[in-house]
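Below is one structure, written out as structure tokens; comments come after it.
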Amino acid sequence: MTNLLAYEFAWGPVLDRWDLFLLGAWLDVWVTAISFGLACALGIGIAVLRLSGVRLLSAPAFAYVQILRGVPLLVFLYWVYFGVAIVIGLNFSPVQAGIVALTLTGSAYTAEIFRGGLQALDAGQAEASRSLGLSRTGTYRHVLLPQTLRIVIPPLGNVFIGLLKGATLLSIIAVSDMVSVANELNINFFTPFEAFTAVAVILVALVAVFSAGVTVLERVLRLP
Amino acid sequence: MSEAAANQAAELDLGEEIVVAEGIHKSFNRGHKEREIHVLRGVDLQVAKGEVLVVIGPSGSGKSTLLRCLNFIAPPDAGSVTFLGHCLTGEVPRRRPAERMRYERALRFYRTHIGMVFQHFNLFPHMTAADNVALGPTRALGLTRREAKERSLEELERVGMGEKAGQYPSQLSGGQKQRVAIARALAMRPQLMLFDEATSALDPELIGGILEEMKRLAESGMTMIVVTHEMGFAREVGDRVLFMDEGVVVEEGGAREVIESPQHERTQAFLSAILS
Ligand SMILES: Nc1ncnc2c1ncn2[C@@H]1O[C@H](COP(=O)(O)OP(=O)(O)OP(=O)(O)O)[C@@H](O)[C@H]1O
Ligand SMILES: [Mg+2]
């Protein structure tokens, strides 16, 4: 107990490097944003296959979700960054590998979210659209997905936050994000508490800003 | 027959049938022993140009399914539907790409030329009334945005909804929603209109207005198949009545004859139950 009170916090090194932290955070943000976008696109595709009613398409889509949901991001990072290079000789840069890993992880979740959203719609919507002569694609694009989007924004926001936090693992494969800045500080000054508190503070702030953005988006898209 | 030729045949008014369905069978949950249900068991029907066919029958007898078979929203398992010179079965030629293409084109022809109005309106909640009506013309008929918009306002005007063009479905009453749904179907300039219990979900005071709309449409010469429990409408506007029970046509004849002096026992029982 006395030790705890005796500890003198050393925020100096952290505050001195605020610009490095922000630069690292910015990398986490854009890597997450790209991965999230790709995960959404992939998720929509998988959800549509899952609901196609054709066994040959829906069964693989189901398996995809089941497997990818269970594999930890850490494993994906090692697979994509080290494994792929060894097995097929394809070399990803750390950032590329991070984006692929985050996309794969995210897509399992977004696929389930889009499936739920599509299934929540009344079957009469697709029927009305098909009866007007719209194609399957046209029906998804103009009738089903715009309605689904409004339903899935809150859960998709959670996936984004999950991926943003997942991005903090990217320093393991030598991506120079804010965690790598914290790691370096920790090694040089032995201030783990301060260094990683900085990471936490930045993430909490980012999540707060992001949530506010989601709320605004929801309001903009809300139907009368 | 090409699309142009089919259109022409329709316009020539040869007094021929617009739609003929033969031997329609439809089951749901096929292959699931316990849950399989054989809804349509060999239904025939034919409707001539300008004719109004009223389909009546108890709940679950397969009336909605029959309408959905006609435009292949629910493709029949057996039997064929001939529409303006095309003849389609529910069997999709999956293996031959060229035939598959021809099949898909025919399907689109059916759907763009057959209008459908639903019990629960099925308006698209994320679009204004005008955009609901314009969607089919832009996306299925290839009209430009402006042409579609014009046509949409014109059709909304026709059903008395011109003022509500900018409103979303949630801002409309049931009767107004159904008017927009009718305008949406008519904006495709269909050769045949299917009405599936178009007034069943409406408050009693709104039913008359929609029936009036349908009557006007019939008087304008539209060919219609109308599923309804409104016997007054059936007798007055219908040319022929078709009574279905358990997936078969039990009785068929002139509207007045069937409703006033049904021959079959099941028709009599149904009518006396519904009219009492
Ligand atoms: N998509 C479906 N899957 C499984 N069963 C279905 C489906 N659609 C309809 N059915 C069943 O088929 C039968 C006939 O349904 P249908 O809707 O055609 O009857 P209906 O004559 O229109 O009845 P109602 O007057 O109640 O509208 C019913 O038993 C219904 O449960
Ligand atoms: Mg029905």
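The values are calculated or read from the model by the stated rules, or taken from the named source; none is laboratory data. Only a predicted model underlies this, so the values are computations on that prediction, with no experimental measurement involved. Please note: Cβ atoms are built from the backbone with ideal geometry, for glycine as well, and neighbour counts cover all protein chains shown. All accessible areas refer to the heavy atoms of the entire protein, side chains included, with ligands and DNA or RNA removed. Shrake-Rupley method; radii C 1.70, N 1.55, O 1.52, S 1.80 Å.
If you go through the stretch B:40-60 and pick out every residue that is surrounded by fewer than 22 Cβ atoms within 10 Å (Cβ to Cβ) and near ligand 1 (Cβ under 8 Å from one of its atoms), you end up with 3.
Considering the stretch B:72-101, and only residues there that are within 14 Å of chain A (Cβ to nearest Cβ) and in a helix (DSSP H, G or I), the residue that is farthest from ligand 2 (Cβ to nearest atom) turns out to be B:MET101.
Just one of the listed residues (A:VAL152, A:VAL201, A:VAL181) is among the β-branched types (Val, Ile, Thr), open to solvent by less than 20 Å² (accessible area, probe 1.4 Å) and not in a loop (DSSP other than H, G, I, E, B), and it is A:VAL152.
Of the residues B:ALA181, B:ALA234, B:ALA185, the single one that is within 16 Å of ligand 2 (Cβ to nearest atom), within 14 Å of another protein chain (Cβ to nearest Cβ), buried (at least 21 other Cβ atoms within 10 Å of the Cβ) and touching a residue at least 12 places away in the same chain (Cβ under 8 Å) is B:ALA181. The residue list B:LEU107, B:LEU135 contains one member that is under 21 Å from B:LEU66 (Cβ atoms) and either more than 9 Å from chain A (Cβ to nearest Cβ) or under 20 Å from the mean Cα position of the chain (by Cα) (or both), which is B:LEU107.
The set of residues in the stretch A:108-122 that are open to solvent by 50 Å² or more (accessible area, probe 1.4 Å) and part of a helix (DSSP H, G or I) comprises A:TYR109, A:ARG115, A:GLN119, A:ALA120. Scanning the stretch B:37-71 for residues that are assigned to a strand (DSSP E or B) and among the charged types (D, E, K, R) turns up B:ARG41, B:ASP44. The number of residues in the stretch B:171-222 that are within 16 Å of ligand 1 (Cβ to nearest atom) and either of a type in the set (Lys, Arg) or within 23 Å of B:GLU17 (Cβ to Cβ) (or both) comes to 3. How many residues are part of a helix (DSSP H, G or I) and open to solvent by 40 Å² or more (accessible area, probe 1.4 Å) if we restrict to the stretch B:252-268? Qualifying residue count, the stretch B:252-268: 6. A single member of A:GLN125, A:GLN147 is in contact with a helix residue (DSSP H, G or I) (Cβ under 6 Å, 6 or more places away or on another chain) and part of a helix (DSSP H, G or I), and it is A:GLN125. Of everything in the stretch B:70-89 that's open to solvent by less than 30 Å² (accessible area, probe 1.4 Å) and in contact with a Gly (Cβ under 8 Å, 6 or more places away or on another chain), which residue is farthest from ligand 1 (Cβ to nearest atom)? The extreme case among them is B:SER80. With respect to being within 15 Å of the chain's Cα centre (by Cα) and charged (D, E, K, R), A:ARG50 falls outside the description. Residues of the stretch B:143-165 include none that is facing another protein chain (nearest Cβ under 9 Å) and within 22 Å of B:GLY221 (Cβ to Cβ). Among the conditions (1) buried (at least 24 other Cβ atoms within 10 Å of the Cβ); (2) more than 9 Å from chain B (Cβ to nearest Cβ), A:SER131 misses just one, which is (2). The residues on offer are B:PRO125, B:PRO97, and the sole one that is more than 16 Å from ligand 1 (Cβ to nearest atom), in contact (Cβ under 8 Å) with a residue 24 or more places away in the chain, out of contact with any strand residue (DSSP E or B) (no Cβ under 7 Å at 6 or more places or on another chain) and open to solvent by 20 Å² or more (accessible area, probe 1.4 Å) is B:PRO125. At pLDDT 95 or above, of a type in the set (Gly, Ala, Ser) and on the phi > 0 side of the Ramachandran plot, is that true of B:GLY115? Here the answer is no, as B:GLY115 does not meet what is asked. When B:LEU271 is tested against the conditions (1) farther than 28 Å from A:SER131 by Cα; (2) open to solvent by 10 Å² or more (accessible area, probe 1.4 Å), the lone failure is (2). Quick check, is B:GLY162 open to solvent by less than 10 Å² (accessible area, probe 1.4 Å) and of a type outside the set (A, V, I, L, M, F, W, C)? So B:GLY162 does not fit the description; no. Screening the candidates B:GLU197, B:GLU219, B:GLU205, B:GLU213 for the property of being away from ligand 2 (no atom under 16 Å from the Cβ), under 23 Å from A:SER129 (Cβ atoms) and either free of Cβ contacts under 8 Å to residues at least 60 places away in the same chain or within 14 Å of chain A (Cβ to nearest Cβ) (or both) yields one hit, B:GLU213. Test A:VAL14 against the criterion of being part of a helix (DSSP H, G or I), in contact (Cβ under 8 Å) with a residue 60 or more places away in the chain and over 17 Å from the mean Cα position of the chain (by Cα), and give yes or no. Yes, satisfied.
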